[in-house]
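The values are calculated or read from the model by the stated rules, or taken from the named source; none is laboratory data. Just so you know, these numbers come straight off a predicted model, no measurement behind them. When we count neighbours, we look across all protein chains shown, and the Cβ atoms used for this are built from the backbone with ideal geometry, even at glycine. All accessible areas refer to the heavy atoms of the entire protein, side chains included, with ligands and DNA or RNA removed. Shrake-Rupley method; radii C 1.70, N 1.55, O 1.52, S 1.80 Å.
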Amino acid sequence: MKTIVITGASSGIGLETARILTRKGFNVLGIGHSEVNCNRAKGSILSENPDADITYFLADLMQQREVIRVADEITLCLNQKSNGKLHALINNAGCVRSWYMTTEEGYEQQFALNHLAGFLLTYKLLPALKKAHGRVIMTGSESHKGIRVHWDDVMLRRRYNPLTAYKQSKLCNLLFAKGLNDRYATAAIRAYVVDPGLVKTGIGNKETGWLVNFIWTLRKRGGVQPEVPAETYAFLCERETVPDGLYYYLCKKKNYSKQVTSENADRLFKLSERLCGIEYENEIAHDRKVRAK
Amino acid sequence: MNVMITGAAGGLGRALANECGSRGFNLFLTDVNEDGLLSIKLGLERQFNVTVTTKSCDLTNAESVDKMLAIIDKYGIRFDMLLNIAGLDFEGEFIGRDREKLVKIVMLNNAATLRITHAIIKRRRPGKHFTIVFVSSLASMFPMPLKATYAASKRFLLDFAASLRQELKKEDVNVLALCPGGMVTTQETLCSIKAQGFWGNVTTNPLEDVARNTIDRALAGRSIYVPGIPNRLLSFFGKIMPRSWVAAVVYWRWNNAQSKWLNHN
Ligand SMILES: NC(=O)c1ccc[n+]([C@@H]2O[C@H](COP(=O)([O-])OP(=O)(O)OC[C@H]3O[C@@H](n4cnc5c(N)ncnc54)[C@H](OP(=O)(O)O)[C@@H]3O)[C@@H](O)[C@H]2O)c1
């Protein structure tokens, strides 16, 4: 049975994706940061499908040492359950903030959770992904368009605008996927970004101020149920032949921002590696040569 | 420039550490939270090209402080700036609160702050300008029923800063008292600000701005920094209104906010 890791699997899009994937017979390892929410999510999946193979891991992915700890736990679990193979990693956990708030490392929270956490977790789970020729899927958003990365102040300390921070973090999701594809095509790892569309979830109502809260409460009324985007993740995980393309919406390829270039991806890789204290192997030169031939 | 920050693993401490790091200042960070110190040290070193030294220390414990000072002396570290951020906030009716927890507010916010300030002034870099920042609060401007101990401890720092500033002028030292309203540093502060409704929002200051302006103003030789126009207005009214009226208004307001906050939790 193939194993899939989903972060932020305790509510919203992540929960529905976990549900649909267990229904399709995948073994799902979910990560959440609240025990109550994880238990509720597990109960809800098992109540409708008692055979579902679902395990939850607790970790506050905003903190890097927690990412590292949970990655080690998951690696152990993969070794026991699936010969150390990971079929897919879905980096979905995300947040919205109204104010400049920092993690223990002093990193801005939206950048830290929406981008860096996935960057570090993917690095830690890379050996397991390689064994399975696995897929890495980020939850992106249309809001990645109309913005560039603020290279000289990525944490936006000089002028913090919460929406800019969110949009930038979603652009980083695309750049990360692009950079992974540049680096690991020969290792047969493939990365994607899913645009879930506007979805009725609680994301804008958690740890936000009244304005963001209010706007999100109005805005999400026009959204779809999280079951809808969950289909796209299932599509990308299920296909026997590896789908091409980078950015998906409703199971179809979609155009993305012109900012998503290999050059920007390399730049983000360098910066993120420094901020996480890691180094992805440099297979990039090799990969580009292979593709040029 | 060598800067010591106490309470460096907390929200405001981290924001100030980032601010100093981005200016290329070297940092000596202390806090009771050892893991937190390790994380912020990593974060700073990865972001900025600065030297970061950390030592966990309970500032309310003289022995613990002596151990830290011994390390500072062993390596001959000398400072250009001290940011006194460590402090406790704690709300509720005096008589309904745990006695030792109340005493702890004064022990940390006041006694411990004096202890470390005295020790670090003695370890300033010789012949160079020295800067001290105390984190007081907007709460220091008023008598604050239901936050009585906290507000009084912050008043202590406000007055102490003004006096010390005068004493040390001739020694080329500047002392600044920072008096912020609320700042969103944790989920709890967020809840408490939300519970205060309109006034909570108006008096809330963006953390990153407060951090930047605090360092700017401290280096420019200013004596007090009340962030945000609404807070400056409030502190002005606090000065001209009779103190018993202020106490009555504050009591009424906090009573509402706190019952909401307690129900919410
Ligand atoms: N909703 C939309 O319209 C929309 C549109 C575009 C993109 N997205 C993206 O979709 C992703 C999922 O969002 P959602 O709408 O499904 O929101 P959500 O319901 O709030 O889900 C977010 C998930 O992440 C978890 N999480 C939050 N902070 C965490 C932390 N520090 N450590 C570990 N897990 C944490 C949450 O746990 P709890 O259950 O404990 O809160 C939850 O499981 C996000 O990346 C978001 O940017 C959403």
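Data overview
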item: Chain A: Cα Rg divided by the 2.2 N^0.38 Å rule of thumb; result: 0.93
item: Cα-centre dipole for chain B with unit charges at Cβ (Lys and Arg positive, Asp and Glu negative), debye to 20; result: 600
item: Euclidean distance of C-alpha centroids, the range A:24-79 and the range B:90-131, integer Å; result: 43
item: Sequence ranges B:210-216, A:273-279, ranked by mean other-Cβ count within 10 angstrom, highest first; result: B:210-216, A:273-279
item: Helix axis angle, B:207-219 relative to chain B longest principal axis, alpha carbon, degrees; result: 60
item: Candidate aspartates and glutamates for bridging to A:Lys254, where Cα separation is under 20 Å - those fewer than 8 sequence places away on the same chain excluded; result: A:Glu142, A:Asp182, A:Asp195, A:Glu227, A:Glu231, A:Glu238, A:Asp244
item: Kirkwood hydrodynamic radius of the range B:33-89, Cα pairs, Å; result: 13.0
item: With every protein chain in place, the range A:173-241: carbon and sulfur % of accessible area (1.4 Å); result: 59
item: Cα-based Rg of the range A:43-171 normalised by 2.2 N^0.38 Å, two decimals; result: 1.20
item: Residue-normalised accessible area of chain A, expressed per residue, 1.4 Å probe, Å²; result: 42
item: Around A:Val36: net Lys/Arg minus Asp/Glu count, Cβ-Cβ under 15 Å; result: +1
item: Over the protein assembly as shown: helical MRE at 222 nm, DSSP H runs n ≥ 4 each giving -39500 (n - 2.57), nearest 500; result: -15500 deg cm²/dmol
item: Pairs of alpha carbons in chain B whose separation is greater than 36 Å (percent); result: 12
item: A:Ile278/B:Tyr251 FRET efficiency (R0 41 Å; Cβ-Cβ; nearest 0.05); result: 0.15
item: Quarter of Cα convex hull surface for the protein assembly as shown, i.e. mean projection, nm²; result: 28.1
